[in-house]
Amino acid sequence: MPAESTEEQYGQSCLAAKAWMESKGGDPTTLVEPFLAELQAGTVSGRATFNSSWAQLSDPQRAAVIIAVRAAAEGGC
C-alpha cells in the first residue's frame, strides 16, 4: 500500500517525531516503536499525525506517518 501525505504533512510528522525522540534521549532508533505505540494509543491529534488522531487516519496516511517516524530516527529530517 502506498503512503499518502503531502510534503508539508510528512515534514511536520518527521519533525514532531524528532522532537519527541530528542526529549527522551538515547538512541532514536530504539524509540520508533514506543513513539508509534503512543500515537496509536492516543486520541489526541498533533503534528505527527497530520492534526488528526491515529484512528482518523486512513491506512495510507498511517503508512506515511510510520515512514516519517523511521526517517526521524535515522536523522532524515
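Of the helices (runs of 4 or more DSSP H) lying entirely inside the chain, those containing at least 1 residues that are touching a Cys at 6+ places or on another chain (Cβ under 9 Å), of a type in the set (A, V, I, L, M) and in contact (Cβ under 8 Å) with a residue 40 or more places away in the chain span 7-24, 59-73.
Of the candidates ARG70, ARG47, the single residue that is at pLDDT below 95 and not small (Gly, Ala, Ser) is ARG47. Among the residues of region 40-57, those identified as open to solvent by less than 70 Å² (accessible area, probe 1.4 Å) and either more than 13 Å from ALA68 (Cα to Cα) or among the small types (Gly, Ala, Ser) (or both) are GLY42, SER45, GLY46, ALA48, SER52, SER53, TRP54, LEU57.
The values are calculated or read from the model by the stated rules, or taken from the named source; none is laboratory data. The structure presented is a predicted model; accordingly, all values stated were derived computationally and were not measured. So basically every Cβ, Gly included, is an ideal-geometry build from the backbone, and we count neighbours across all protein chains shown. We work out accessible area using only protein heavy atoms, side chains counted, and drop any ligands, DNA or RNA first. Shrake-Rupley method; radii C 1.70, N 1.55, O 1.52, S 1.80 Å.
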